[in-house]
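Right, one structure below, let's go through it.
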Amino acid sequence: MLRRFAVFLPFACAAAAAAAQWVEEVPFITTPDHVTLGMLELAGVGPRDHLIDLGSGDGRIVITAARRFGASGLGVEIVPELVQRSRAHAQQAGVADRVAFRTEDLFQTDLSRATVVTMYLLPEINLQLRPRLLALAPGTRIVSHDWDLGDWRPDRTATLPVPDKAVGREKLSRVHLWRVPAPVDGLWCAGPVALRIAQRFQHYRAQIEGPVPHRWEGRIHGAQLPPPVGGPPRPGLRWREGVLEVAQGAPGVAPGSRFTQAEAAACPAG
């Protein structure tokens, strides 16, 4: 079974004819089964997940997610012959009712249903996809084989031995995991109480301006902004449908308080 490596370069080409010619010249490499399994385990794939594999090759990631973990899935591939092969493999594996494969430009794929996105793309393609990945629902898991997402650092990285690896000097694969962070940058208001957050991917700095001021920084876990461990009490926040709820209170900030994002430069006076 084969997995695409550099076939994604055509998407950067303007001319479809030139892209088609390049596809024929792109090499294929084998992805070991234990790397496929490692990607799915790192993402914690389960029966409630819908996985989308961008550049799905022979379909093994989508099929394994359905067969081993009970997930549903979609594989997107630019080579029609590989899509047909994937569909045949899904039938043989008994999971054709839970998975689908499409011949499609991955930049045109609707990712909104995904709870997990997997990919084995080149670095420049990853960076082009990054804005769309960051716009997915908070908590969506992104798993990339070997290549990262630039200065959006992964939440976890696993290294797997691949003694027979044909690409690169190292006989190993790195599997990276990200969880899409909630979009919390900006000014939030709960009446006259102002919460200012500066966000850099999954890292944030927060300041509450009110009767009891608070300053802290931490890490965003999907939709959760847990307070830092140790030190004085700080509020724990949860993003839900564009609102920041206080899940864990602190002095002057009651549990259940709700902050909405401000359109003005300051919160309304009390």
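Summary table below
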quantity	calculated
Arg141 being of a type in the set (Lys, Arg), in contact with a helix residue (DSSP H, G or I) (Cβ under 8 Å, 6 or more places away or on another chain) and over 19 Å from Glu217 (Cα atoms)	yes
Segment 66-105, subset in a strand (DSSP E or B) and touching a Leu at 6+ places or on another chain (Cβ under 8 Å), residue surrounded by the most Cβ atoms within 10 Å (Cβ to Cβ)	Gly73
The lone exception for Trp178 - which of (1) farther than 30 Å from Arg215 by Cβ; (2) surrounded by 18 or more Cβ atoms within 10 Å (Cβ to Cβ); (3) not acidic (Asp, Glu) it fails	(1)
Some residue of segment 216-226 being touching an Asp or Glu at 6+ places or on another chain (Cβ under 6 Å) and at pLDDT 90 or above	no
Val62 vs. criteria within 21 Å of Leu37 (Cβ to Cβ) and either β-branched (Val, Ile, Thr) or not assigned by TED's automatic domain parsing to the domain that holds Glu41 (or both)	yes
Tabulated pairs, segment 141-167, first in contact (Cβ under 8 Å) with a residue 12 or more places away in the chain and surrounded by fewer than 16 Cβ atoms within 10 Å (Cβ to Cβ), second outside any strand (DSSP E or B) and not acidic (Asp, Glu), C-beta under 6 angstrom, 6+ apart or interchain	Gly150/Leu127
Residue among Val212, Val167, Val246 that alone is modelled with pLDDT of 95 or more and of a type in the set (A, V, I, L, M)	Val246
Qualifying positions in segment 153-210 - among the charged types (D, E, K, R) and in contact with a Cys (Cβ under 9 Å, 6 or more places away or on another chain)	Glu209
Hey, Arg113 among the charged types (D, E, K, R), surrounded by fewer than 16 Cβ atoms within 10 Å (Cβ to Cβ) and at pLDDT 95 or above or not	yes
Subset of segment 139-159 that is in a strand (DSSP E or B) and within 13 Å of Met119 (Cβ to Cβ) - its residue that is modelled with the lowest pLDDT	His145
Boolean, Ala17 is modelled with pLDDT under 50 and of a type outside the set (Lys, Arg)	yes
Cβ-Cβ under 8 Å pairs, at least 6 apart or on other chains, segment 243-269 side on the phi > 0 side of the Ramachandran plot, far side of a type in the set (A, V, I, L, M)	Gly252/Ile208; Gly252/Val212; Gly256/Val246
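The values are calculated or read from the model by the stated rules, or taken from the named source; none is laboratory data. Values in this document were obtained by computation on a predicted structure and should not be read as measured data. All Cβ positions, glycine included, derive from the backbone under ideal geometry; neighbour counts span all protein chains shown.
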